[in-house]
Amino acid sequence: MVQTDPMAERVTVTVHEGVADVRLNRPDKLNAIDPPMFAALAAAADRVAADRSIRAVVLSGEGRGFCAGLDFGSFQAMAGGGDGAADDSPSDADLGDDAIALLSMAGRLTDRLAGRITNLAQQAAYAWTELPVPVIAAVSGPALGGGLQIALGADIRIVAPDAKLSVLEIRWGLLPDMTGLQVLPRLVGIDVAKELSFTGRMVSGEEAVALGLATRTSADPRADALALATEIAGKNPLAIRGTKALLNAAGTRPLGDSFLEESRLMQELIGSPNQVEAVMAYFEKRAPVFTD
């Protein structure tokens, strides 16, 4: 099932056997983020969240890269009437005399979305964190600036060894404002998070794994991510959702509250039809059949 609404020009969603294959779809621009991409990412996550049959998500980019970051040209065009053309990757020249106009346009993104704690740019990344099901980012080529922050919204990152990752915002005199700074220290430690954010230096896929920025490398990140998502989709979906919720909340609330929530979720699972099915399938040496 492929979504066919207008925003599918920017993000496509295909669902097969409980796995949503979500792809940023501007390969000619290395999937650089323009305003429709922000909206399409948030909308795609909402569609996934509303479909209880989806048990895992793979997030990737079409073409040669995951996401080259913000498409400065598109924001300049909105602010100053330009043609919106963008190079394959951001450059100092992209800002030029339109820097103030660009920042003015970005300022509109600080408005909170109705009923959410995020603005639209933040939601494009945070939406994958708040999805109740696991999200695996498959990263090839560049994942720069906002592109890296979108990948950080995933639960797991599988990267090509020669992928290029960077907290690039400092190059433009900016800071990461798509929730990435909240995630980064939990992955790499506060000192490494500061070094990466203060310098904007490029990190290969191999170094990203060594730092904890990525989970593991793969010669074919998307294929391995889809295989992992398929494996996860074959587990008790209620147990997977509960596990993600507990891990996301780890360290954010008093231990007593976390322990109580563990007990509550476990009580719901023990003896439930899906839990019984997991046990029966194991002993009968067959694939389990779970309900959503």
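Taken together, the values in this text are just the output of simple stated rules run on the coordinates, not laboratory data. Source: prediction; values computed, not measured. In this analysis, Cβ positions are derived from the backbone assuming ideal geometry, glycine residues included, and neighbour counts consider all displayed protein chains.
Couple of notes before you dig in:
- Segment A250-D220, extension gain: residue separation times 0.36 nm, minus the distance between their alpha carbons: 7.7 nm
- Ranking of L228, L187, L144 by count of other Cβ atoms within 10 Å, fewest first: L187, L228, L144
- Too-long pairs where the Cα-Cα distance tops 22 Å, listed order kept, from K244/K285; K164/K194; K29/K164: K244/K285
- Cα point-scatterer Debye curve for the range 160-242, base-10 log of I(q)/I(0) at q = 0.26 Å⁻¹: -1.17
- Percent of beta bridges antiparallel (DSSP, the range 139-292, rounded to nearest 5): 25 percent
- Filtered trypsin sites (Lys or Arg not before Pro), the range 8-60: DSSP coil and at most 15 other beta carbons within 10 Å: R52
- Summed residue charge, Cβ within 12 Å of A229's Cβ, Lys/Arg positive, Asp/Glu negative: -2
- The range 137-190: trypsin sites (Lys or Arg not before Pro) in DSSP loop, at most 14 other beta carbons within 10 Å: none
- Per DSSP, loop GluC sites (Glu not before Pro) in the range 203-292 with at most 10 further Cβ within 10 Å: E284
- Diffusion constant of the range 147-292 at 25 °C, which comes from Stokes-Einstein with the Kirkwood Cα-pair radius and 0.890 mPa s, µm²/s: 138 µm²/s
- Taking other Cβ atoms within 10 Å as a rough exposure proxy, S53, S60 sort from fewest to most as S53, S60.
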